[in-house]
1. Of the conditions (1) open to solvent by less than 40 Å² (accessible area, probe 1.4 Å); (2) in contact with a Lys or Arg (Cβ under 9 Å, 6 or more places away or on another chain); (3) polar (S, T, N, Q), GLN185 satisfies every one except a single condition; which number is it?
2. Test each condition in (1) closer than 23 Å to ILE648 by Cα; (2) surrounded by 12 or more Cβ atoms within 10 Å (Cβ to Cβ) for THR102 and report the one that comes out false.
3. Since ASP389 meets every condition but one in (1) surrounded by 13 or more Cβ atoms within 10 Å (Cβ to Cβ); (2) not in a strand (DSSP E or B), which condition does it not meet?
4. Mind listing whichever residues of segment 200-215 are among the charged types (D, E, K, R), closer than 25 Å to GLU570 by Cα and outside any strand (DSSP E or B)?
5. Please go through segment 415-449 and pick out each residue that is charged (D, E, K, R), open to solvent by 80 Å² or more (accessible area, probe 1.4 Å) and either under 31 Å from the mean Cα position of the chain (by Cα) or within 21 Å of PHE470 (Cα to Cα) (or both).
6. Quick one: GLY131 ticks every box in (1) at negative phi; (2) of a type outside the set (Lys, Arg); (3) modelled with pLDDT of 85 or more bar one, so which box is it?
7. Could you say whether any residue in segment 246-263 is under 30 Å from LEU395 (Cβ atoms), acidic (Asp, Glu) and not in a helix (DSSP H, G or I)?
8. Which of the residues spanning segment 340-361 are surrounded by fewer than 17 Cβ atoms within 10 Å (Cβ to Cβ), of a type outside the set (D, E, K, R) and assigned to a loop (DSSP other than H, G, I, E, B)?
Amino acid sequence: MPGGLANRTARLYFPALFALDGLMLASFRRHLNSWVARLFFMLLVAVFVLWGVGDVIRNLGKGDGSVATVGGRKIDAPEVQSLYQRQLAEVSHMFGNTSEPTTEIRRAVAAQAIERVVTQAAIEEEVTRLGLAVSDDAVRQAVYDIPQLRGPDGKFSRQNLETVLRNNGLTEPRFLALMRSDVGQRQLMEAVQAGVAGPDTEAKQVFAFQNEKRVADGVEVPLAAQPAPPEPTAAQLQRWYDNHPDSYRTPEYRRIRAVVLSPETISKDISVSDDELRAAWEQHRSEYQTPEKRSVDVITAPDEAKAAVLAQQWQNGADWDAMQKTAAAAGATPVELADAPKTDFPSADLADAVFSAKEGAVTGPVKAALGYYVLRVTKLTPGSGATFDDAKEMLRARVVADRAADLIDDRANKIDQMLASGTAMQDLPGDMGLGAVTGTLDAQGITEEGTPAPVPGSPPLKQALVQAAFTLKPGDPPRLTQAPQDNGAPPAYYAVEVENIIPPSKKPFDAVQADVKQAWTADATRHEAEEQAAKVLSAVKGGQSIEDAATVAGLTVRKFPPVGRSAPVEGVPAPLVQPLFGLKKGEPAMVETPDGFIVAVLADVQVPDPAADPVGFGQVRDALNRAMAQDVQGSFAVAVRNQAKPRINRDAIDMIAQAGQ
């Protein structure tokens, strides 16, 4: 059964358990997200995989169908199943969903899911043993804090609560009991970490380690400054060729046959009529055109006489502020509209008057259903945009893409069924919108001619297809697979089969002689630069200053800027940073860079003062305290789990691991 269908089935028959996992386990898992707990779980899984459980699991017998027993509580398989399915999906995603998880991986994930539920149950038992009480107010506040139970106003919604309970098959008392248990466990875990803090001495050491800077004086020996080496002999080139066989070998090639189903391949067979383009134009016209806009001052008067008086005063030079006061005194209404298209005006009469008026002129009175308008257009913004003919090809591409997206899943199902029934790829119907490719390529998708293989589709699809080709053997049946896609992009599919494998082979010397000479020359130049740098290093180690050693070698000393351990600094080559932090003051080091060699002497160590950066020091101290608190929580959870002495049914691991296959 596919994982998604199994998850939906589990939700149908075990809604209460899913509600428990969603509302309670989520917060508990946050408390176990420390490296101590992770290490414990990874060790446990390793035991499952390598030693077949051993003493860690004690079989409860064939007659007990429970997964585990913690104290007096039995944990049934459905309670673990949902967690297992989600963790298995995460593991599959990590591997790129390119292959089905192996039996060993399934058993390891099942063991981890069981252990997580067992540990949570052990903590719940500890809460009960300690007699921790949870007040009704604490439960109520925890419910109010659940985002899914809030309404549009951000406050608790009784209607949302009833919907959640109904969808999950929970009664309100059962739901509140789950919440009470969750709050109790959180209170216990918070109490465990309360007051956990590391000493300032440790924080100061970490602060110093993170913020210490080092300064070096050094000389650079660039490759570009080296004299050209003498012309190599034929024997030297032959020896270089013989000593570097891997540099002159062809990669493994595979001759493949593949088909691709994507919106682009389907689009080639889709035709669009002019009537369809016209319909699309009318639907999306606003996306291609900007309508004409106008800014206008409008006065609406109740009768024509008042409107005429207002119009005359306005035409005589009154400004808009004065007109607003006069209009209000006369019982008229002044309004300003800024950059409004014709469709934004409240009445068609006013819109027609505004868009027929001249800019700057007082127009009116204009009779309308709501009275009489007097207006003046203050700004005119002409419309712009494409015509139907301008947008025609863009519309065609849009219609084709939409139709291809609608067709692709149906066609993918049909092609998948054909391949599963034994239809050869070359016999697939030509009217399915498939893109076909046959050829020889290497693991990077490059042909024998050195050009990218002409695989149709997006770069992620091409990469996935090539990777799949190099995991198959000749004779393996093709399988239609969905390619990786960007969020929101329509799906695309591919199928590939390997016809032949061409193993790597050594290229003839004559074919690569120019490359051999280039490599030999580059190595000789590098060797010359390395010898020059080594002489400077030897001189400094022998007691000379870096300045004197550089002068003898004809080089110039420069001071590198201060650099820290983590943040790169312009002017300090990356290969030099780590060696600097392993030196004592006055000691030299030599490093190779892409451009040559550097000989540097540690000139100064800048130790940071926490008092000079209280904010940075506080951040380091707080981060250490949080890490210690999380580690204490993880250790406590492990101890509680071990103290509970859970009994885990070995048969349950295989039962859960087989689910979804």
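The values are calculated or read from the model by the stated rules, or taken from the named source; none is laboratory data. Being a predicted model, the structure only gives us computed values, none of them experimental. When we count neighbours, we look across all protein chains shown, and the Cβ atoms used for this are built from the backbone with ideal geometry, even at glycine. In case anyone asks, the SASA skips ligands and DNA or RNA and just uses the protein heavy atoms, side chains included. Shrake-Rupley method; radii C 1.70, N 1.55, O 1.52, S 1.80 Å.
1. All conditions are met except number (2).
2. (2)
3. (1)
4. Applying the first criterion (among the charged types (D, E, K, R)) to segment 200-215 yields 200, 202, 204, 212-214.
From what's left, closer than 25 Å to GLU570 by Cα: 212-214.
The answer is GLU212, and nothing else.
5. In the first step, residues of segment 415-449 are kept if they are charged (D, E, K, R); the result is 416, 427, 431, 442, 448-449.
Then drop every residue that is not open to solvent by 80 Å² or more (accessible area, probe 1.4 Å), which leaves 427, 431, 448-449.
Of everything in segment 415-449, those that are charged (D, E, K, R), open to solvent by 80 Å² or more (accessible area, probe 1.4 Å) and either under 31 Å from the mean Cα position of the chain (by Cα) or within 21 Å of PHE470 (Cα to Cα) (or both) turn out to be GLU448, GLU449.
6. Condition (1) is where GLY131 drops out.
7. The answer is no, given that none of the residues of segment 246-263 is under 30 Å from LEU395 (Cβ atoms), acidic (Asp, Glu) and not in a helix (DSSP H, G or I).
8. PRO346, SER347, GLY360, ALA361
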